[in-house]
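Asks: Below: one structure in structure tokens.
The values are calculated or read from the model by the stated rules, or taken from the named source; none is laboratory data. For clarity, every value in this text was computed on a predicted model and none was experimentally measured. Note that we place each Cβ from the backbone using ideal geometry, even for glycine, and neighbour counts take in every protein chain shown.
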Amino acid sequence: MKKFSFKHKNKKINVNVEECRGLKRAFGLMFGRRERAKALLFNFEKPTSVSIHSLFVFFPFVAVWLDGNNNAVDIREIKSFTLAVQSRKKFRKLIEIPKNRCYFSQIKSLKSINSNHRREIRKI
């Protein structure tokens with residue numbers, strides 16, 4: 001686990017993440033348990049617009065797409081068994097933050113920043 005920070009609306013948010021490599025990159029949060037799940041960081045070599053899914057993820061999570069400077073370009077709350085979700089803009093990094101007790105304060109701060117912009121964190 002490493003501490004990772006990103007900016008959203010000029011506010012710095014810190015999250016403890018596990019960097020995904022190898023098979024972990026293919027499975028992500030799939031087949032995990034809600035309370036044991038850790039936030040995952042996916043790095044991409046160049047800007048991309050790949051879609052993600054939440055098949056076999058048995059709990060909701062928040063996806064945060066970041067540019068090369070760790071600024072949030074899109075944030076969405078994703079429910080279980082969603083077929084495909086894509087960022088509106090190209091991104092270099094993706095963080096999947098499970099909605100559990102461990103990450104409650106980070107998710108709450110994301111929602112409080114967006115309280116005036118209800119469409120920012122869209123439920124899928």
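Asks: Within region 45-58, can you find the residues that are of a type in the set (A, V, I, L, M, F, W, C) and either loosely packed, with under 14 Cβ neighbours inside 10 Å or at pLDDT below 90 (or both)?
Replies: Result: V50, L55, F56, V57, F58.
Asks: How many of the residues in region 74-92 are part of a strand (DSSP E or B), surrounded by fewer than 20 Cβ atoms within 10 Å (Cβ to Cβ) and of a type in the set (A, V, I, L, M, F, W, C)?
Replies: 1
Asks: Please go through region 35-51 and give me each residue that is aliphatic (A, V, I, L, M) and within 12 Å of C20 (Cβ to Cβ), ordered by number.
Replies: Residues of region 35-51 that are aliphatic (A, V, I, L, M), as a first pass: 37, 39-41, 50.
Across region 35-51, the qualifying residues are A39, L40, L41.
Asks: Additional query: Just the residues that are among the aliphatic types (A, V, I, L, M) and either surrounded by 14 or more Cβ atoms within 10 Å (Cβ to Cβ) or touching a Phe, Trp or Tyr at 6+ places or on another chain (Cβ under 6 Å) (or both), please, taken from region 1-20.
Replies: I13, V15, V17
Asks: Give the residues of region 26-73 that are of a type in the set (G, A, S), touching a Phe, Trp or Tyr at 6+ places or on another chain (Cβ under 7 Å) and in a strand (DSSP E or B), sorted by residue number.
Replies: Across region 26-73, the qualifying residues are A39, A72.
Asks: Search region 31-49 for residues that are over 15 Å from S87 (Cα atoms) and pair each with any residue that is crowded, with 18+ Cβ neighbours inside 10 Å and of a type in the set (D, E) when their beta-carbon atoms are under 8 Å apart and the residues are at least 6 apart or on different chains.
Replies: Short answer, once both residue conditions are applied: A39/E96; L40/E96.
Asks: Now, a different point. If I ask for residues that are out of contact with any helix residue (DSSP H, G or I) (no Cβ under 9 Å at 6 or more places or on another chain) and farther than 20 Å from N69 by Cβ, which ones from region 37-53 would you list?
Replies: S51, I52, H53
Asks: Scanning region 21-44 for residues that are more than 23 Å from R101 (Cβ to Cβ) and exposed (fewer than 12 other Cβ atoms within 10 Å of the Cβ), which turns out modelled with the highest pLDDT?
Replies: So, considering only residues that are more than 23 Å from R101 (Cβ to Cβ) and exposed (fewer than 12 other Cβ atoms within 10 Å of the Cβ), the one modelled with the highest pLDDT is R21.
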